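Values in this text are rule-based calculations from the coordinates and carry no lab data. Note that this is a predicted model, so its numbers are computed, not measured. All Cβ positions, even for glycine, are placed from backbone atoms using ideal geometry, and neighbour counts span all protein chains on display.
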Amino acid sequence: MIELFYHLAMMLVFGSMVGLVLTFMLVMRAIARREQIELADLMTRGVNNE
Amino acid sequence: MSSVFEILAVGLAATAFFGVVLGFIAFMRWLRYKETIELAQRGLIHPLHEARATRRMNRTRRSGIITAAIGAAMTLGLGTIGLDPHTPLLGPWLLGGLIPLSIGIGLIATSRSDDGGRSAEMLPDDDSIPPHKLQ
């Protein structure tokens with residue numbers, strides 16, 4: 001029984017690490033994509049705060 | 001039972017530590033994104049944004065060379081295991097060096113094969129000043 005909990009704890013730690021890295025990659029990608037979209041939008045519309 | 005709690009404590013502490021570090025990197029990236037957009041709204045180009053495009057290919061090549069060099073060194077180092085008379089000359093332990101070596105070679109090849117098309121595409125335009133800003 002203790003061995004089962006031991007493996008569950010290992011899986012929990014490993015899963016949280018993987019989830020953390022995947023979330024980080026997702027956030028970085030989302031920021032980069034949003035930046036590209038907003039820059040493209042600015043380039044098409046032009047800057048109008050003269 | 002205590003070993004379960006030990007693993008949980010150490011693992012979750014490490015996760016929290018990396019979470020803080022990665023969160024800080026993401027926050028810095030978000031700040032740069034806001035800065036880039038604010039500058040672009042004023043008709044300016046973020047210096048990092050401009051320089052990054054031209055540096056990207058060099059960075060791929062550089063990281064490929066570093067990875068390949070580390071892989072070659074590890075292959076040589078792990079190859080000494082095969083010098084032991086009780087073990088075969090070649091074995092799966094060499095994978096520890098061959099994998100980074102192959103990744104490095106792949107990165108170098110990619111940066112070379114894409115060089116013609118992408119470097120021209122990524123060079124900053126000569127007319128980086130928007131037309132409506134020209135007097």
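Please list B:66-74, B:80-88 highest first by mean number of surrounding beta-carbon atoms within 10 Å per residue. Could the numbers behind the result be given before it?
On the way: B:66-74: 16.3, B:80-88: 8.8.
Highest mean packing first, the order is B:66-74, B:80-88.
Just subtract the alpha-carbon distance of B:V10 and B:R42 from 0.36 nm times their residue separation and send over the number in nm, one decimal.
Values: separation 32, 0.36 × 32 = 11.52 nm, distance 4.83 nm.
Roughly 6.7 nm would be gained on extension.
How are the C-alpha pair distances of chain A spread across 10 Å bins, as whole percents from the shortest bin up?
22, 23, 18, 15, 11, 7, 3, 0
Quote to one decimal, in nm, the extra length available between B:D84 and B:S102 on full extension: 0.36 nm per residue of separation minus the C-alpha distance between them. Walk me through the intermediate numbers first.
Numbers: separation 18, 0.36 × 18 = 6.48 nm, distance 2.55 nm.
Stretched out fully, the B:D84 to B:S102 stretch lengthens by 3.9 nm.
Got a sec to turn the phi values of segment A:6-11 into Karplus ³J(HN,Hα) couplings, 6.51 cos²θ - 1.76 cosθ + 1.60 with θ = phi - 60°, whole Hz, x for Gly and Pro?
Here the 3J(HN,Hα) series is 4, 5, 5, 5, 4, 5 Hz.
Under a point spin-label approximation (7 Å from Cα along Cα-to-Cβ), what is the A:R45-B:N58 distance to one decimal in nm?
Placing both labels 7 Å along Cα→Cβ, they lie 3.5 nm apart.
Which FRET efficiency, nearest 0.05, do A:I2 and B:A69 yield, Cβ-Cβ r, R0 45 Å?
Details: r = 46 Å, r/R0 = 1.01.
Efficiency, from the Cβ-Cβ distance: 0.50.
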